[in-house]
Structure formats: structure tokens, C-alpha cells
1. Which distance in nm do the two modelled labels at C59 and E163 give, with both placed 7 Å along the Cα-to-Cβ direction?
2. Label point 7 Å out from Q75 along Cα-to-Cβ: which residues of the stretch 124-143 have amide N under 20 Å?
3. Using only the heavy atoms of the protein chains and a 1.4 Å probe, how would K42, K108 rank by accessible area, largest first?
4. Under 15 Å between alpha carbons, and skipping anything fewer than 8 positions from K53 in its own chain: which aspartates and glutamates qualify?
5. Just to verify a number: FRET efficiency for K175 and Q38, C-beta to C-beta distance, R0 = 45 Å, to 0.05?
6. Roll a 1.4 Å probe over the protein chains and send me the accessible area per residue for the chain in Å².
7. Nothing charged except the Cβ atoms of Lys and Arg (+1) and of Asp and Glu (-1): what's the magnitude of the dipole of the chain about its Cα centre? Round to the nearest 20 debye.
8. Write down, largest first, the equivalent ellipsoid semi-axes of the stretch 46-101 in whole Å, where each equals the square root of 5 times an eigenvalue of the alpha-carbon gyration tensor.
Amino acid sequence: MTLFSLSLALLRPDQVSSPAKAPTIVVSRDHGGIASGQAVIKLNLKHAVSGIKSKKRFCNNDMLEVLLLVQNQYQYLYSDGDTAHLLNMQTYEELTMDINTLEGSKDKLPYLEVNMEVTVQSLEPEPGPLSWRLPTRHTYKVKSLVDRIAKDRGTTYVTGTLENGIQAQIPNFIKPGENLVIDLMWLTYIGRA
């Protein structure tokens, strides 16, 4: 599973390493001073599957195994139970992924739409697909709005229902039938489409 070994001084963010045989993504790297007469490097890591963050300290001359993380674009087809069915648009092969491997938790499942492009992260050559994530932004159509009672000055947010049934906070100047862009990382309104 190891692609190559690399000195910590050359390790970059977004590379995948495997300390303790668990694939982790390097989020950031800091030089943390001196311990026992050697330079210390602090790595902020994120587990490639669960997304759990951790911090580890290493000596400057330590070596880490580096793995090849591949990100491919897939198209979401449908879900059945705890399985999502995705289609690779280059090879037209269907891939099934566990719903629990969706980055950002199950809270983002309602934002999935048929034919939405998603990114699948996999380690090559094995163990294969690890996780998948929604795009950073997506366009949705507003179905209805809840009228606000008070007439405030400036932009206020009201609860709106999107065509897929999601309720979101959107500015009061948006009307039913309009398209808007939602940031899927923070699940917030960005602007009109």
C-alpha cells in the first residue's frame, strides 16, 4: 500500500500518510521547536475515512509512508437504504458507497440531488474508495417562503423551502421560483444563480 517514504521536512498538506497503518490526510505542518536536542514537527492530521482530526509530533529526521490519494468525479444516481449509487462519468462504471462515508455527516444527505456531481476519494491501488463528498456549492430552486411578521429594515432572512424539501434561511428579497446557490460546506445561502 505504500507509494514511497518521505522525510517530514518535505511533506506537504493534502498528502496522505499512514502513521500507525491508518490512512490520514495532512492538514497542516508546523515547526514546533526543539525537544531532546532535535527539531520537532507538529502535524495536524485528518483520518481519511472518518474525518476525525488529530495532532502528532515527530522528529525532523523521521520518515513517513506516503500514499496516493486520487479524487474522481462521479454522478449521484440514487440511494437505497444505507447505500449510495454513483456513476463514474469517464468509465460509466457504477460504484456503491456506504452513506456513512459521506464527508460532513448524514446532515448533508437531504442536499443530494439526482445527477449531482460528487467527488470520490480513493487510495490507489488499495484499499480503494474511502469517502465521498458533495460539491462545495450547488444551485437549488425555491419552492415557497414563510412570510415574516415584522418589517425590518435591511436584508433579513426568512425560512424558505427548496424544491427538494429542504428548509433553508434565505434573504427576504428572493421569491418563489428563483434559483439560488447554497454553500454545501456551511449549508448557507451564497447568492442568486
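1. It works out to 6.1 nm between the two label points.
2. From the stretch 124-143, the list is 132-141.
3. Solvent-accessible surface, decreasing: K42, K108.
4. Excluding near neighbours in sequence, the set is D14, E103.
5. After rounding, the FRET efficiency stands at 0.10.
6. Numbers: 11350 Å² over 193 residues.
I get 59 Å² per residue for this part.
7. Using Cβ point charges on Lys, Arg, Asp and Glu, the chain gives about 960 debye.
8. 33, 16, 7
The values are calculated or read from the model by the stated rules, or taken from the named source; none is laboratory data. If you're wondering where the values come from, they're calculated on a predicted model, not measured in any experiment. FYI the Cβ positions are ideal-geometry reconstructions off the backbone, even for glycines, and counts take in every protein chain you see. Calculation scope for accessible area: heavy atoms of the full protein, side chains included, ligands and nucleic acids excluded. Shrake-Rupley method; radii C 1.70, N 1.55, O 1.52, S 1.80 Å.
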